[in-house]
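What follows is calculated from the coordinates using simple rules that are stated; it is not laboratory data. Since the structure is predicted, the reported quantities are computational estimates derived from the model, not experimental observations. Here the Cβ positions follow ideal geometry from the backbone for every residue, glycine too, while neighbour counts run over all protein chains shown.
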Amino acid sequence: MLHSVAMHAASGPVLAAQYEVSSLPEQIYARVFRLLKPGKPVPEIHVVFRKYANAKAQIQLKAGVLHVKISDTLAVAPDEVQGALAEILLSKLFRLRVPVECQAVYRRYLNRKDVRQDLDQVRRTRGRKHLADPAGEFYNLTQLFDELNFTYFFGLMARPTLGWSRQASRTMLGHYDPTHHTIVLSKILDREDMPKLAVEYVMYHEMLHLRHPVEHKGNRRCVHTATFKEEEKRFAQLAEAKKLLRKLV
């Protein structure tokens, strides 16, 4: 089974601080393997850095060989961070509780301003945004944006790239991608029986993400800041809109 990591963890003992400076990646994974599986033979380990469009990492134990694929954006990360990631991946592989401390080390590194800037640049150059035309079958996102912009932002918000998603997702009804400066709404909202109020609220919510960027504090990411939540209350018929969306999801 293939396991990957995108900054998720539980709790447990911390091992990440036990790594020497400038260790080879294979050495780091071997050390963590021995700590998590004492007495068990260390398998052959292959660690490769791939040109992913984000900070992606995957691990798989197949035919007695441990295969680890890591984004090349993490190739220059300090050994402490490499060790934390190794422990996260191996813990997930063996279905063990992932140490909170390791997750904190990994999150803190990814939240560093220079690292975030590098990752944004990689996403811009390597990542592709697959969108459907903003003029949907029943709702036009450009028109919706302009109406909401005039109503709530005095028409002063610069319009980003807009588009419907390719897949009709019920779990992600919309998102703002700051890397590509794009607002995407799930095409599940573009249908005849969908109340306009519900679509307007999703668009307004994503416009607020454009207006109020994510705040980074240490290993924490604050997506919905206090200011964001306060401004969200300005949306007319907020409770009714949320009720409509709850029925959908």
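Values as computed for the structure displayed
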{"item": "Lys/Arg +1, Asp/Glu -1 at C-beta; the chain dipole; positive extreme among GLN117, TYR201, PRO38", "result": "PRO38"}
{"item": "The chain - percent relative contact order, Cα under 8 Å, separation 6 or more", "result": "16 percent"}
{"item": "Helix-only CD estimate at 222 nm, as mean residue ellipticity for the chain, using -39500 (n - 2.57) per DSSP H run (n ≥ 4)", "result": "-12500 deg cm²/dmol"}
{"item": "Rounded to the nearest 20 debye, dipole of the stretch 25-100 from Cβ charges on Lys, Arg, Asp, Glu", "result": "380 debye"}
{"item": "Of [x] 0.96; [y] 0.93; [z] 1.06, the label for Rg/Rh (Cα atoms, Kirkwood Rh) derived from the coordinates", "result": "[z]"}
{"item": "Neighbour-count order for HIS205, HIS216, HIS130, fewest beta carbons within 10 angstrom listed first", "result": "HIS130, HIS216, HIS205"}
{"item": "Per-selection Rg to Rh, the stretch 141-248 - Cα, Kirkwood hydrodynamic radius", "result": "0.95"}
{"item": "Potential lengthening between ARG191 and GLN121 on full extension [0.36 nm per residue; Cα-Cα distance subtracted]", "result": "21.7 nm"}
{"item": "Net charge dipole size for the stretch 114-249 [Lys, Arg +1 and Asp, Glu -1 on Cβ; Debye, nearest 20]", "result": "540 debye"}
{"item": "The chain, dipole about Cα centre (Lys/Arg Cβ +1, Asp/Glu Cβ -1), debye to the nearest 20", "result": "680 debye"}
